[in-house]
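The values are calculated or read from the model by the stated rules, or taken from the named source; none is laboratory data. Since the model is a prediction, treat every value here as computed from it, not as a measurement. Here Cβ is always computed from backbone atoms with ideal geometry, including for glycine, and neighbour counts include all displayed protein chains.
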Amino acid sequence: MTSNQAYDVEKIRADFPILGREVYGKSLVFLDSAASAQKPRQVISAMVEMMENDYANVHRGAHFLSQVATEKFESAREKVAQFINADKDEIIFTRGGTEAMNLVASCFGAAHLQAGDQVVTSVMEHHANIVPWQMLAETKGIEVLFVPVDARGVLDMAVFEGLLGPKVKMVSLAHVSNVLGTVNPVEEIISLAHSKDIPVMLDGCQGITHGKVDVKALDVDFYVFSGHKLYGPSGIGVLYGKKDLMNTLPPHQGGGDMIETVTLEGTTFKESPHRFEAGTPAIVEAVGLGAAIDYVSSVGMDAISVHEKLLLEQAMAKLSALEGIELIGTAPNKVSVLAFNVTGIHPLDVATVLDRQGIAVRVGQHCAEPLIKAMGYEATIRASFGMYNTLEEVDKLVTGVEKAKMMFGA
Ligand SMILES: Cc1ncc(COP(=O)(O)O)c(C=O)c1O
């Protein structure tokens, strides 16, 4: 471990069984954590232990195992709450980030939006923060406004402020862009919106993995993230919602566990969070997410962020030193998500050459088609670095790109 490294990355890597495997006879270099991160043994074991020893449905039976399972499930909720400095009953478990944002669009839309109202989002959003609002525009006649980004991938805050007119009833923006790595000025965004009494939802699917998040300090109204990008399992996501606000919203789905009483004449609903968790939840996955939070907390989110910054700086410096590399997203405040293209080579060709070297990157539009087009591309390569990546892996990426350039004569 060199003095400028935040922690012993080899020790971290030893916790992730998959990082020891080979692909095409080469050591795996996994640079696709922004799509979904790998899981440490601690998460895998917690889930196996839950299924082998403690599994039953939650919130239902009075029997022993149901109580054990309920305690573990609710303790995962408590861990999530502490991790982002929320109260436990402000944490709603969903299937993922996408479901959480659909829930807010649909339930907030039902309770608080009328035809002609406006929702402000941006060009840099993941489709999960565009499509639900567009669907609401179809069904309710609301209008969706988009804040543009500049050539570096920075939100145009002057336009944002100018858009906040009397018809705007919601601001819904990414905390961190999944393509550009841009960290948006969320404190300023929230304070500007709140000065006009407009609530704010942050899509934290990328924000949660790269540094500390404190929803109370931010005073954000809704914060959304997924378990699978935070080194936890897929199938579980989180919606943080201020309790008073959540209790103004109707349920998302109807069924078991979200009701107070059901008669043939009608139903009354529990308060949030249970109002929004109809049916059997993702019990094992919630426990896995709790274990992932324990894991990243034991390493420290600040340390993870220092480590990833080192990787990003090296990757940006070494890639931009090569001829014909177009870095897409050069915001001053940026995390370790690096989109780029190589002039004259199709991104899929570069990604295929990298893949044959065992290097996993993402290629395409990254579920952010409007952004890719606004940046002037049809597709890009994206390397994203997680807590377990190394400086040697950054060098392998650079060597892999050089190889692609040689092969395609670019
Ligand atoms: C910024 C952002 N928002 C939303 C999502 C969707 O999250 P999920 O996969 O949990 O539905 C992603 C996942 O790629 C993302 O990066």
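When you look at Val353, is it outside the structural domain of Leu180 (by TED's automatic domain parsing), in contact (Cβ under 8 Å) with a residue 40 or more places away in the chain and within 16 Å of the ligand (Cβ to nearest atom), yes or no? First the steps, then the outcome.
Details: outside the structural domain of Leu180 (by TED's automatic domain parsing): yes; in contact (Cβ under 8 Å) with a residue 40 or more places away in the chain: yes; within 16 Å of the ligand (Cβ to nearest atom): no.
So Val353 fails the test.
Look at the stretch 86-100 and say how many of its residues are outside any helix (DSSP H, G or I) and touching a strand residue (DSSP E or B) at 6+ places or on another chain (Cβ under 9 Å).
First, the residues of the stretch 86-100 that are outside any helix (DSSP H, G or I): 86-87, 91-96.
Filter again for touching a strand residue (DSSP E or B) at 6+ places or on another chain (Cβ under 9 Å), leaving 86, 91-96.
Within the stretch 86-100, residues that are outside any helix (DSSP H, G or I) and touching a strand residue (DSSP E or B) at 6+ places or on another chain (Cβ under 9 Å) number 7.
Exactly one of these conditions fails for Leu245: (1) within 16 Å of the ligand (Cβ to nearest atom); (2) farther than 27 Å from His210 by Cα. Give me its number.
Status for Leu245: all satisfied but (1).
So is Leu145 of a type outside the set (D, E, K, R), more than 16 Å from the ligand (Cβ to nearest atom) and in contact with a Lys or Arg (Cβ under 8 Å, 6 or more places away or on another chain) or not?
Working: of a type outside the set (D, E, K, R): yes; more than 16 Å from the ligand (Cβ to nearest atom): yes; in contact with a Lys or Arg (Cβ under 8 Å, 6 or more places away or on another chain): no.
No: the conditions fail for Leu145.
Just checking, which of Ile325, Ile381 is buried (at least 16 other Cβ atoms within 10 Å of the Cβ) and over 26 Å from the mean Cα position of the chain (by Cα)? Working first, answer last.
Numbers: Ile381 fails: over 26 Å from the mean Cα position of the chain (by Cα).
Answer to the selection: Ile325.
Restricting attention to the stretch 20-36, which residues are crowded, with 19+ Cβ neighbours inside 10 Å and of a type in the set (A, V, I, L, M)?
Matches in the stretch 20-36: Val29, Leu31, Ala34.
Taking Gly232 as meeting all but one of (1) closer than 14 Å to Phe83 by Cβ; (2) within 10 Å of the ligand (Cβ to nearest atom), write down the number of the exception.
Result: Gly232 passes all but (2).
State whether the residues of the stretch 101-119 include one that is in contact with a Lys or Arg (Cβ under 9 Å, 6 or more places away or on another chain), at positive phi and assigned to a loop (DSSP other than H, G, I, E, B). Please lay out each step first, then the result.
Here is the first cut: in the stretch 101-119, the ones in contact with a Lys or Arg (Cβ under 9 Å, 6 or more places away or on another chain) are 108-110, 112-119.
With the extra rule that they be at positive phi, the set shrinks to 116.
From what is left, the residues that are assigned to a loop (DSSP other than H, G, I, E, B) are 116.
For the stretch 101-119, residues in contact with a Lys or Arg (Cβ under 9 Å, 6 or more places away or on another chain), at positive phi and assigned to a loop (DSSP other than H, G, I, E, B): present.
Just one of (1) touching a strand residue (DSSP E or B) at 6+ places or on another chain (Cβ under 7 Å); (2) not in a loop (DSSP other than H, G, I, E, B) trips up Gly153, so point out which.
(2)
Scan the stretch 120-142 residue by residue and report those that are assigned to a loop (DSSP other than H, G, I, E, B), more than 16 Å from the ligand (Cβ to nearest atom) and in contact with an Asp or Glu (Cβ under 8 Å, 6 or more places away or on another chain). Lay out the reasoning, then the answer.
Of the residues in the stretch 120-142, the ones assigned to a loop (DSSP other than H, G, I, E, B) are 123-126, 130, 141-142.
Retained after the next criterion (residues that are more than 16 Å from the ligand (Cβ to nearest atom)): 141-142.
The one that is assigned to a loop (DSSP other than H, G, I, E, B), more than 16 Å from the ligand (Cβ to nearest atom) and in contact with an Asp or Glu (Cβ under 8 Å, 6 or more places away or on another chain): Ile142.
Could you tell me whether Gly165 is touching a residue at least 12 places away in the same chain (Cβ under 8 Å) and either assigned to a helix (DSSP H, G or I) or over 22 Å from the mean Cα position of the chain (by Cα) (or both)?
yes
Going through the stretch 285-299 one residue at a time, which ones are of a type in the set (Gly, Ala, Ser) and over 18 Å from the mean Cα position of the chain (by Cα)? I'd like the intermediate steps shown before the answer.
Narrowing the stretch 285-299 to residues of a type in the set (Gly, Ala, Ser): 286, 288, 290-292, 297-298.
Ser298 - this is the single residue of the stretch 285-299 that is of a type in the set (Gly, Ala, Ser) and over 18 Å from the mean Cα position of the chain (by Cα).
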